[in-house]
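Encoded as structure tokens, the structure appears first; notes follow it.
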Amino acid sequence: MPDMRSISTSEAPTAIGPYSQAVVTGDWIFASGQIPLDPSSGEVVAGGVTEQTRRVLDNLAAVLEAGGGGLTTVVKTTVYLSQMTDFAAMNAVYAEYFTEHRPARATVQAAGLPKGVAVEIDAIARVEGS
């Protein structure tokens, strides 16, 4: 069995179930889906999909950094939207975070996301320098 370690950072919301914010194994970081919770309050951020996507990507960046990576080491994301009509607004914010580095991505509409949020994003990334 490969060496694995769970990642936990106070810079992102605490997991709301029996899972880790991320797991590092070898040179890989597998980040759980992040939803737009403010890490300090644990509450969903105010606003629509634009504000929620910003919070999700900030949370994801914090988790990846705690695991030894960052947004520039992401190789794949999956974006879950409660409404596909939010795609353009989500995509505009996503493009602010992934400028020159553009990981592979899938975007799907989910029947329901935790806490009724508009967006959730998970990622697979490399540990920095690997």
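Rule-based calculations on the coordinates, nothing more; no lab input. Note that the coordinates shown come from a computational prediction; the quantities given were computed from them, not determined experimentally. A quick note on method: Cβ atoms are made from the backbone with ideal geometry, for glycine too, and the neighbour counts reach across all protein chains shown.
Among the residues of region 9-21, are any within 14 Å of the chain's Cα centre (by Cα), closer than 22 Å to P103 by Cα and of a type in the set (V, I, T)?
Scanning region 9-21, I find no residue that is within 14 Å of the chain's Cα centre (by Cα), closer than 22 Å to P103 by Cα and of a type in the set (V, I, T), so the answer is no.
Considering only residues that are touching a helix residue (DSSP H, G or I) at 6+ places or on another chain (Cβ under 8 Å) and either surrounded by 14 or more Cβ atoms within 10 Å (Cβ to Cβ) or of a type in the set (K, R) (or both), which ones fall in region 78-104?
V79, L81, S82, D86, A89, M90, V93, Y94, Y97, F98 - these are the residues of region 78-104 that are touching a helix residue (DSSP H, G or I) at 6+ places or on another chain (Cβ under 8 Å) and either surrounded by 14 or more Cβ atoms within 10 Å (Cβ to Cβ) or of a type in the set (K, R) (or both).
Which of the residues spanning region 6-25 are without any contact (Cβ under 8 Å) to a residue 60 or more places away in the chain and either surrounded by fewer than 17 Cβ atoms within 10 Å (Cβ to Cβ) or not in a loop (DSSP other than H, G, I, E, B) (or both)?
Scanning region 6-25 gives S6, S8, S10, E11, T14, A15, G17, P18, Y19, A22, V23, T25.
So is G47 in a loop (DSSP other than H, G, I, E, B) and either touching a residue at least 60 places away in the same chain (Cβ under 8 Å) or out of contact with any Ser or Thr (no Cβ under 6 Å at 6 or more places or on another chain) (or both) or not?
The answer is yes for G47.
May I ask you to list the residues in region 49-73 that are under 17 Å from S8 (Cβ atoms) and not small (G, A, S)?
Scanning region 49-73 gives D58, N59, L60, V63, L64, E65.
Return the residues of region 50-86 that are assigned to a loop (DSSP other than H, G, I, E, B) and under 9 Å from the mean Cα position of the chain (by Cα); say none if nothing qualifies.
none
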